[in-house]
Amino acid sequence: MNGNTTVLVTGGAGYIGSHACVALLDAGYEIVVIDNLVNSSPLSMARVKTITGKDFDFIEGDICDASTLDTLFGQYSIDAVMHFAGLKAVGESCTNPLLYYQNNVAGTLTLCEAMQRYGVGRIIFSSSATVYGEPHAVPIDESFPLQTTNPYGGSKKMVEDVFRDLAAADQLSQTKFWRVGLLRYFNPVGAHPSGMIGEAPNGVPNNLLPYMLQVALGKQPELTVYGDDYPTADGTGVRDYIHVVDLVAGHVKALQFLLDENNATGCHTWNLGTGQGYSVLEMITAFEAATNAKVPYKIAARRPGDIPACWAEPGKAQREINWQAEQSLPQMMKDSWHWQCQNPEGYKRG
């Protein structure tokens, strides 16, 4: 069945997108990838082909460009879209919000218009736990109110609102066109066990584990821990870290759900997390134990937009799409370190 199903992967050369390409190809789907390579490398696409032993077409282009999308949808028979294209740094979104709304929101609108023109109604959107803002309690389930604390989260919530409105319009007109999966990620980490693809941020990393990796390699002098006065067990921020391989397995399960004509049309939302929170200091300890590498750190003031604690209640995804995280925290650390040691410069060198 999957051999005749073609998935357009937007932002497919990026960290999560490239792992999703592997998962889709391994599951028997055909893929077409579009990426503007602003935050990614074409080398990841070559490595996906090596890992899977399968070929696919890659288009260097921007989803904000309607004519590019017209050409793409005109050339390929697309059955569904996995939408990863977007900017993702919380700090940068606070200093340059227009960039985030233009790329993440306007780009998605352009994509949806093209999908509508070409009769493609199935889409999985790469959302984020940041749409919950500072939650009133943990763990967080999908019924929690949405209230963002930074423009990155705001852009994700706006796109979710667009999809909810499209689904509501379908209900009114009884067209049943849109089948949408909103996947709210918690904190993706890790890398493909081959060590061939992984997270390769441009410049200084914004996220905890990539920064830890660079410190352990000696590329950064020390890790800055932002805030040790949060109301958590050790005072540092607590997050739900999920292995990227588990995360993309959730995308394949969600796609199977959307492709099944027996399931309801409309907008479906699932948390993708482990249900377990770890503090920054616990992450440092786990990394050092798993890799025998050292991560010196210093404590600094809290960062604007950060929240004390955030972890998932992932039961809905288990019930509805038969998915749950399986990879352990030590495995996340080992796979991350394997990738980093194999590729100390990311994709910049062989």
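Every number here is computed from the coordinates shown, using simple stated rules; none is lab data. These figures come from a predicted structure and were not determined experimentally. Glycine gets a Cβ as well: all are built from the backbone with ideal geometry, and neighbour counts include every protein chain shown.
At 4 °C and a viscosity of 1.567 mPa s, what translational diffusion coefficient does Stokes-Einstein give for the stretch 1-86, taking Rh as the Kirkwood radius over Cα pairs? Give it in µm²/s as a whole number.
On the way: Rh = 12.6 Å.
Rounded to a whole number, D works out at 103 µm²/s.
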| request: List 238, 204, 90, 48 from most exposed to least, where exposure is judged by having the fewest other Cβ atoms within 10 Å. | output: 204, 90, 238, 48
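For 118, 230, which order do you get if you count the other beta carbons within 10 Å of each Cβ and list the fewest first?
On the way: 118 16, 230 19.
So the ranking, lowest neighbour count to highest, is 118, 230.
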| said: Quick check: convex hull of the Cα atoms in the stretch 91-192, volume per residue, rounded to a whole Å³? | reply: 133 Å³
| said: Run the count for the chain, please: Lys pairs, Cα-Cα under 14 angstrom, 8 or more apart or on different chains. | reply: 5
| query | Relative to the longest principal axis of the chain, what angle (0 to 90°, nearest 10) does the C-alpha long axis of helix 208-217 take? | reply | 50 degrees
| Where in the stretch 145-165 does the amide nitrogen come within less than 14 Å of the point 7 Å from the Cα of residue 101, taken along Cα to Cβ? | 150-159
| request: Grab the Cα-Cα distance for residue 109 and residue 229, subtract it from 0.36 nm times how many residues apart they are, and report the gain in nm with one decimal. | output: 39.2 nm
| Positive-end residue, the stretch 212-350 charge dipole about Cα centroid, Cβ charges, pick of 325, 275, 289 | 289
| said: In the chain, once you exclude exposed GluC sites (Glu not before Pro) (DSSP loop, at most 16 other Cβ within 10 angstrom), what's the longest stretch remaining? | reply: 1-221
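Per 0.36 nm of contour for each residue apart, how much would the distance between residue 52 and residue 26 grow if the chain were fully extended, relative to their Cα-Cα spacing? Intermediate values should be presented prior to the final figure.
Details: separation 26, 0.36 × 26 = 9.36 nm, distance 0.66 nm.
Length gained between residue 52 and residue 26: 8.7 nm.
Given N residues in the chain, what is its alpha carbon radius of gyration divided by 2.2 N^0.38 Å?
Details: Rg = 19.4 Å, N = 350, 2.2 N^0.38 = 20.4 Å.
The chain yields a ratio of 0.95.
Once R0 is set to 45 Å, what does the formula 1/(1 + (r/R0)^6) return for the Cβ-Cβ distance between residue 300 and residue 331, expressed as a FRET efficiency to the nearest 0.05? Provide the component values of the computation, followed by the final result.
Details: r = 29 Å, r/R0 = 0.65.
Computed FRET efficiency for residue 300 and residue 331: 0.95.
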| field | Residue-span extension gain [residue 260 to residue 318] - 0.36 nm each, minus C-alpha spacing | value | 19.2 nm
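In the stretch 204-276, which trypsin sites (Lys or Arg not before Pro) fall in coil by DSSP and have 15 or fewer other Cβ atoms within 10 Å?
Numbers: sites: 219, 239, 253; in loops: 219.
Sites meeting the loop and neighbour criteria: 219.
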| request: Working from Cα positions, state the angle (0 to 90°, nearest 10) between the long axis of helix 107-117 and the longest principal axis of the chain. | output: 20 degrees
| note | So the pair-distance distribution of the stretch 217-334, from every Cα-Cα distance in 10 Å bins, comes to percents of 12, 34, 30, 16, 7, 1
| query | What is the order of 82, 115, 158, fewest Cβ neighbours within 10 Å to most? | reply | 158, 115, 82
| task | May I ask for the angle, rounded to the nearest 10°, between helix 42-52 and the longest principal axis of the chain, with both axes built from Cα atoms and the value confined to 0 to 90°? | result | 80 degrees
